[in-house]
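None of the figures in this text is laboratory data; all of them are computed from the coordinates on show. Source: prediction; values computed, not measured. Don't worry about glycine lacking a Cβ; one is built from the backbone with ideal geometry, like all the others, and counts go over all protein chains shown.
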């Protein structure tokens, strides 16, 4: 028995040692891709960040107003001439090589494993019933196994940013939903025999990640290289803000309407609701799978997928019927930061080519509240499919009616110490919370 185990161990060790050169090649390719700018620096003449001296303007340091700073940010976005691939941390060709090398390594490892012996030992050896039951349980509840949530989130990030980059769809796609699918395994079921309310939030994480990386991927790439693109300037130094790009979740609210039964499939429709000078608001609807179908897919990849035939002439179609079937509605808000400096959501949206040009001084970041001139009357804007800046601003204001109520909940932080009129007392303290 001991001799057999040692033989298997030696074979496995030899298998790993034989595959080491392949994995070393993968690491070298990845390292070269990361350090490509140091190895192959771009010529100064082709750099889009080279400053041009304007005739009649001196190079002295002067104080820049808030409006001028916003104008500089907008002009930097408009003048960015590098392609999307120039701002990738890992080039597309490197990603393809990594995928090929990884698949080759896995195939080689799978080839060297003695599957006949492994399967026979698993299904016929001592303790086979417990192993088979655990395998069935894991397969039926794979969604909630350890590290699967991390895989779901990072799969969305890597897929949309590196493997299959989203097309540039323009302002028309700004408020359109991203659909992701899931189900409710037994590990998400509570004592009422339906999906526990607490488990909706992990699904929201994945759905929001799909939406943001799909729509805002180009903007994230440029903000990651802010020292080059100069999209965000430090208000103290008037130089490009430095630091890592951070995308932080500020708050989540979920309103429940109907229960989701065990193993019932459902869809999450996530879309941008609105934004202000700090927060990007996202709304997500949980609906039964197949209940709601779009009349058109904006991404050409889904051109042949099933759509809903709109015979009523109304873009909303049977929205009243859909509302009766909604399981839950969640609202989330994100903040973007470079280092400790907050990035205006409009910067990421403009860099992703989702906002049309706004012909006002300061653009989308002007005005008292930093969201443009809110005194402009938009009551005469027609829903004719022309996604100019007035239509986008109209939709943003409509969404802010709901987002403002959500944002007002932040004031409740001050109620913890009894400022709600109480005397600061408590009821008790218990464990197993």
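Table for the structure above
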read-out	value
Packing-based ranking, highest mean first, of 359-370, 209-220, 234-245 given that Cβ atoms within 10 Å are counted	209-220, 359-370, 234-245
Relative packing of 138-148, 170-180, which averages over residues the other C-beta atoms within 10 Å, highest first	170-180, 138-148
Ranked 200, 151, criterion: other C-beta atoms within 10 Å, fewest first	151, 200
Segment 99-164 versus segment 344-388: alpha-carbon centroid distance in Å	47
Convex hull volume of segment 108-150 per residue (C-alpha atoms, cubic angstrom)	93
Convex hull per residue volume in Å³, alpha carbons only, for segment 148-302	143
Residues 392, 232, 118, 376 arranged by fewest to most Cβ contacts within 10 Å	118, 376, 392, 232
Percent of C-alpha pairs per 10 Å bin, segment 227-295, short to long	14, 30, 25, 16, 13, 2
Ranking of 108, 159 by count of other Cβ atoms within 10 Å, fewest first	108, 159
Mean Cβ count within 10 Å, highest first, over the residues of peptides 272-283, 403-414	272-283, 403-414
Segment 90-197: C-alpha gyration tensor shape, a/c 1.5 cut-off, then a/b vs b/c	oblate
Gained length - residue 381 relative to residue 259, 0.36 nm times residue gap less alpha-carbon distance	40.0 nm
Mean projected area in nm² (Cα convex hull; one quarter of hull surface) for segment 154-195	4.8
